[in-house]
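The values are calculated or read from the model by the stated rules, or taken from the named source; none is laboratory data. This is a predicted model, so every value here is computed, not measured. Note that each Cβ is placed from the backbone with ideal geometry, even for glycine, and that neighbours are counted across all protein chains shown.
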Amino acid sequence: MPNTNNFILRTTIFTLVFFLTQYCISQEQQAKLMFWNFENLFNPSNDISPGDDPYTPKGENHWTKAKLNQKLQRLAKTIISVGEGNLPWAIGFCEVEDDSVINKLIRFTPLSLGKFRSVHYESKDPRGIDVGLIYRTDQLDLLSACPLEITDNSNNGKIYREILFCLFDYREKAKLILLINHWPSRYGGREASEHGRIRCAERLNAIADSLAREWPEAIILAMGDFNDEPNDYSIETVLGATGYNCEKQGRWINLLKDYSENSKTGTIKHQAHWSTFDQILVFNRNPNVINRHLTIKERSGAIFSASFLLVEDQTWGGLKPFRTYQGPTYLGGFSDHLPVYITLISD
């Protein structure tokens with residue numbers, strides 16, 4: 001006959017361990033960080049800059065408040081869907097004109113239910129499209145933010161779109177740095193435009209090296225529309241961005257690297273070819289990048305490709321992003337890019 005006291009003791013210990021385990025699991029939470037190219041999110045007013053002329057009521061795209069409001073609702077729907085019931089902690093984005101459209105997004109859509117604030121600075125982009133970020137103030141405290149210029153001294157001092165720097169504190173337990181990018185497009189051809197993206201990659205490396213020295217415990221993430229794929233020279237060689245599968249880790253870990261191996265998926269589609277231009281990378285030169293209070297879930301980088309973001313591609317087959325415009329033709333969709341995201345684990 002078993003010893004009753006030992007049985008009770010073992011049962012008590014098992015119960016205690018079980019409830020402690022469940023308590024610890026319940027205290028752990030997962031949260032999304034997200035990036036998305038919003039595709040020409042302009043306000044309809046005719047501002048001084050000529051770059052916004054097509055996106056006015058009298059412009060060739062006949063952009064109106066009603067069309068803007070519909071697009072904002074669609075953007076909000078997608079952001080909420082990525083969060084899966086828990087709004088993402090931060091969303092980096094590009095191709096926005098100014099503060100007014102960002103504030104409308106977080107005040108006059110269902111995102112108003114979250115405690116979002118925006119970070120945005122006017123850039124020198126000739127089209128007037130900028131990078132920006134919104135974040136949840138109930139999860140992250142913004143300590144510092146500024147635009148970091150990229151000047152190409154080898155090309156008559158040409159200025160590219162700034163990298164947006166944001167330093168966050170997570171409950172006085174961890175530091176999180178987000179660097180939002182929108183590198184030069186491939187307009188004029190991939191090779192002809194590559195120099196600008198290489199210069200942006202060099203500048204991003206220098207910024208990350210400096211930040212790692214200043215905040216050695218911080219998790220440093222770069223996200224953006226890089227207009228190059230994970231295997232392209234600017235990303236793989238200049239940044240030194242590798243994936244989790246590589247034997248030797250580089251300067252950066254590209255959390256979307258796996259998508260470069262599959263031409264049937266990506267974040268943007270040109271004719272029949274998908275490309276993964278939108279990526280999220282974690283800086284790998286910081287020895288303390290893994291913080292016990294805030295970590296990146298391994299292999300959590302993903303493209304959000306919900307069915308409502310896609311339409312049939314009647315010309316090239318398969319699916320393609322449900323965009324707002326196709327040339328001057330209004331389609332009423334979301335964006336010509338699909339969003340990307342990663343998962344954070346916090347206590």
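Residues in segment 54-83 that are part of a loop (DSSP other than H, G, I, E, B) and either among the charged types (D, E, K, R) or within 22 Å of the chain's Cα centre (by Cα) (or both): LYS58, GLU60. Could you list, in sequence order, all residues of segment 89-103 that are surrounded by 20 or more Cβ atoms within 10 Å (Cβ to Cβ) and in a helix (DSSP H, G or I)? Within segment 89-103, VAL101, ILE102 qualify.
No other residue among PRO2, PRO57, PRO44 is farther than 24 Å from LEU133 by Cα and either small (Gly, Ala, Ser) or modelled with pLDDT of 80 or more (or both) apart from PRO57.
Quick check on segment 236-260: of everything there that is outside any loop (DSSP other than H, G, I, E, B) and surrounded by 24 or more Cβ atoms within 10 Å (Cβ to Cβ), which residue is modelled with the lowest pLDDT?
Per the stated criteria, the residue is TYR259.
Taking into account only those residues within segment 138-184 that are among the polar types (S, T, N, Q) and modelled with pLDDT of 90 or more, which is surrounded by the most Cβ atoms within 10 Å (Cβ to Cβ)?
Step one: filter segment 138-184 for residues among the polar types (S, T, N, Q), giving 139, 144, 151, 153-156, 181.
Checking which are modelled with pLDDT of 90 or more leaves us with 139, 144, 151, 181.
Numbers: GLN139: 20, SER144: 10, THR151: 12, ASN181: 28.
The selected residue is ASN181.
Among the residues of segment 35-53, those identified as over 15 Å from ARG323 (Cβ atoms) and outside any loop (DSSP other than H, G, I, E, B) are PHE35, PRO50, GLY51, ASP52, ASP53.
Looking at ASN69, is it farther than 27 Å from PHE226 by Cβ and modelled with pLDDT of 95 or more?
Working: farther than 27 Å from PHE226 by Cβ: yes; modelled with pLDDT of 95 or more: yes.
It is true that ASN69 is farther than 27 Å from PHE226 by Cβ and modelled with pLDDT of 95 or more.
Entry remark, segment 278-292: residues being at pLDDT 55 or above, in contact with an Asp or Glu (Cβ under 9 Å, 6 or more places away or on another chain) and buried (at least 20 other Cβ atoms within 10 Å of the Cβ) number 3 in total. Of all residues in segment 185-212, those satisfying the criterion of being in a helix (DSSP H, G or I), surrounded by fewer than 19 Cβ atoms within 10 Å (Cβ to Cβ) and modelled with pLDDT under 95 are ARG190, GLU191, ALA192, SER193, GLU194, HIS195. Here the condition is being more than 22 Å from GLY92 (Cα to Cα) and out of contact with any Cys (no Cβ under 6 Å at 6 or more places or on another chain); of ASP228, ASP258, ASP232, it holds for ASP232 alone. Of the strands (runs of 3 or more DSSP E) that lie entirely inside segment 269-347, those containing 2 or more residues that are more than 21 Å from LEU221 (Cβ to Cβ) span 273-275, 310-312, 319-321. Among the residues of segment 173-205, just one is under 22 Å from the mean Cα position of the chain (by Cα) and of a type in the set (Ser, Thr, Tyr), namely SER185.
Considering the conditions (1) in a helix (DSSP H, G or I); (2) at pLDDT below 95; (3) surrounded by 13 or more Cβ atoms within 10 Å (Cβ to Cβ); (4) among the polar types (S, T, N, Q), ASN86 is excluded by exactly one of them, (1).
Exactly one residue out of GLU162, GLU172 is closer than 23 Å to GLY114 by Cα and charged (D, E, K, R): that is GLU172. For the subset of segment 104-137 comprising residues that are closer than 27 Å to GLU172 by Cα and charged (D, E, K, R), which member is surrounded by the most Cβ atoms within 10 Å (Cβ to Cβ)? Applying the filter and picking the extreme gives ARG136.
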